[in-house]
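Scroll down for the structure; my scribbles are underneath it.
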Amino acid sequence: MIASYNPSQMGDVLVLLMHPDVEEQVVTKRDSIVKITATDGTVLGYNFFDASKYLPKLKDQNGQVTLDHADVDQLNAALKAADFDDQLSVDDSPKFVVGYVESVEKHPKSDHLKITKTKVQDGKTLQIVSGSPNMQADIKVVVAEVGTMMPSGLVIWPGELKGVESDGMICSGRELKIPNAPQKPGALILPDDYQVGTQFDFARAQNLFS
């Protein structure tokens with residue numbers, strides 16, 4: 001679940017994203033809450049209007065919002081009061097993680113894309129298609145796992161690139177908005193002392209290009 005709050009563009013609305021948008025949607029509004037579902041019943045997300053009355057802390061927020069258990073309890077109480085049966089849950093797993101590129105293969109339908117097998121948290125290995133010109137095996141990188149909102153606002157969902165499944169994104173320093181990062185394509189290759197599978201430390205990374 002991704003939470004976003006942008007009062008300058010949308011007003012006092014908390015947007016919760018659970019799944020990618022689909023063309024055909026069903027919109028249900030009760031009180032100040034809008035539920036958006038796909039025609040098969042999959043919940044795509046919610047919009048909470050007048051959101052700061054539920055979560056006063058939003059008055060100091062702009063962009064992606066981290067919701068703790070108390071925040072989600074407040075939203076669930078609002079859903080129940082509006083006669084929605086759904087209950088939200090906290091997803092506190094890291095989204096930007098240190099990954100290790102185990103292997104790289106050429107994409108069969110592209111000259112510049114590469115298919116990687118990249119190890120991330122909990123021993124998982126993801127297939128991620130990357131267009132980074134410096135992509136190679138045996139490097140440590142930053143992986144935005146599925147369900148991540150990038151600093152630009154882009155949300156990472158499962159997808160395909162030219163017919164090949166890709167579950168996540170290997171990030172550049174530019175995409176992560178790290179100070180003084182090269183303003184050109186290319187994966188951010190991390191120093192070897194970064195530990196694979198751990199949450200990427202943005203504070204530590206502020207000096208990577210100093």
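The values are calculated or read from the model by the stated rules, or taken from the named source; none is laboratory data. Only a predicted model underlies this, so the values are computations on that prediction, with no experimental measurement involved. Note: ideal-geometry Cβ built from the backbone for every residue, glycine included; neighbour counts use all protein chains shown. What goes into the accessible areas is simple: the full protein's heavy atoms, side chains included, and nothing from ligands, DNA or RNA. Shrake-Rupley method; radii C 1.70, N 1.55, O 1.52, S 1.80 Å.
For the criterion of being more than 13 Å from residue 98 (Cα to Cα) and either more than 17 Å from the chain's Cα centre (by Cα) or basic (Lys, Arg) (or both), residue 151 fails.
Can you confirm whether the stretch 97-109 contains a residue that is among the aromatic types (Phe, Trp, Tyr) and within 30 Å of residue 46 (Cα to Cα)? So far as the stretch 97-109 goes, no, none of its residues is among the aromatic types (Phe, Trp, Tyr) and within 30 Å of residue 46 (Cα to Cα).
No other residue among 47, 62 is closer than 15 Å to residue 4 by Cβ and either open to solvent by 80 Å² or more (accessible area, probe 1.4 Å) or modelled with pLDDT under 90 (or both) apart from 62.
Reported count of residues in the stretch 116-151, each being under 19 Å from residue 186 (Cβ atoms) and either outside any strand (DSSP E or B) or open to solvent by less than 20 Å² (accessible area, probe 1.4 Å) (or both), is 20. May I ask you to verify whether residue 68 is among the acidic types (Asp, Glu), under 27 Å from residue 30 (Cβ atoms), open to solvent by 20 Å² or more (accessible area, probe 1.4 Å) and under 20 Å from the mean Cα position of the chain (by Cα)? Yes; evaluated as a whole, the condition is true for this residue. Report whether or not residue 186 is under 27 Å from residue 4 (Cα atoms) and in a loop (DSSP other than H, G, I, E, B). When the stated conditions are applied, residue 186 does not pass them.
Taking the listed residues 74, 87, the one that is open to solvent by 30 Å² or more (accessible area, probe 1.4 Å), modelled with pLDDT of 95 or more and not in a strand (DSSP E or B) is 74, with no other qualifying. Of all the residues in the stretch 1-31, those that are surrounded by fewer than 12 Cβ atoms within 10 Å (Cβ to Cβ), on the phi > 0 side of the Ramachandran plot and among the charged types (D, E, K, R) number 0. Is it the case that some residue within the stretch 99-108 is in a loop (DSSP other than H, G, I, E, B) and of a type in the set (S, T, N, Q)? Looking through the stretch 99-108, none of the residues is in a loop (DSSP other than H, G, I, E, B) and of a type in the set (S, T, N, Q). Kindly establish whether residue 160 is part of a strand (DSSP E or B) and loosely packed, with under 13 Cβ neighbours inside 10 Å. The answer is yes for residue 160.
Matching residues to (1) charged (D, E, K, R); (2) over 30 Å from residue 159 (Cα atoms); (3) touching a Pro at 6+ places or on another chain (Cβ under 7 Å); (4) touching a residue at least 24 places away in the same chain (Cβ under 8 Å):
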site	(1), (2), (3), (4)
12	yes, yes, no, yes
15	no, no, no, yes
24	yes, no, no, no
44	no, no, no, yes
58	no, yes, no, yes
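Residue 206: in contact (Cβ under 8 Å) with a residue 12 or more places away in the chain, of a type in the set (S, T, N, Q) and either open to solvent by less than 90 Å² (accessible area, probe 1.4 Å) or under 15 Å from residue 150 (Cα atoms) (or both), yes or no? Taking the combined requirement at face value, the residue satisfies it.
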